[in-house]
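These notes are about the structure you will find just below.
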Amino acid sequence: MIPNIEIGKIYKLPDANPPAFAKITKISNHDVWNDILEDDELTQLAWGDWYQWANKNIYCHFGVGFDTYRLVPATKEEISIYEDKVRKYRSEADNDTEV
């Protein structure tokens, strides 16, 4: 079963190390490459700019999609930290940020 992921909500990719967070911008079905998949084999991708941080370092993976079954909703505390890290990342002059 494909989880119900909402566009505009912030989700956590808990199996990343460190965990990654993103505001979902698009949902797509990843079934183009293999048209003989059964319904229960179809995957759905959630797209966004995924942020990770370790100590003082903040990283961003721009425009990446992950299988929705790997995602969990971020908690209020995680969302607050995520928003702070995104602001900090975007404010640094040497980061390649997209608008």
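The values are calculated or read from the model by the stated rules, or taken from the named source; none is laboratory data. Note that this is a predicted model, so its numbers are computed, not measured. Cβ: placed from backbone, ideal geometry, glycine included. Neighbour counts: every protein chain shown. Surface areas here come from the heavy atoms of the whole protein model, side chains and all, with no ligands, DNA or RNA. Shrake-Rupley method; radii C 1.70, N 1.55, O 1.52, S 1.80 Å.
Things worth noting here:
- Total residues in the stretch 1-18, condition among the hydroxyl-bearing types (Ser, Thr, Tyr) and open to solvent by 40 Å² or more (accessible area, probe 1.4 Å): 0
- Residue match in the stretch 74-95 (condition: among the aliphatic types (A, V, I, L, M), modelled with pLDDT under 95 and open to solvent by 40 Å² or more (accessible area, probe 1.4 Å)): yes
- Beta carbons closer than 6 Å, at least 6 apart along the sequence or on distinct chains, pair a first residue in the stretch 1-20 that is assigned to a loop (DSSP other than H, G, I, E, B) with a second that is exposed (fewer than 11 other Cβ atoms within 10 Å of the Cβ) for 18/54.
- Only residues that are at pLDDT 90 or above and in contact with a Ser or Thr (Cβ under 8 Å, 6 or more places away or on another chain) were counted in the stretch 24-48, giving 5.
- Index of the failed condition, residue 21 passing every other in (1) at pLDDT 95 or above; (2) open to solvent by 40 Å² or more (accessible area, probe 1.4 Å): (2)
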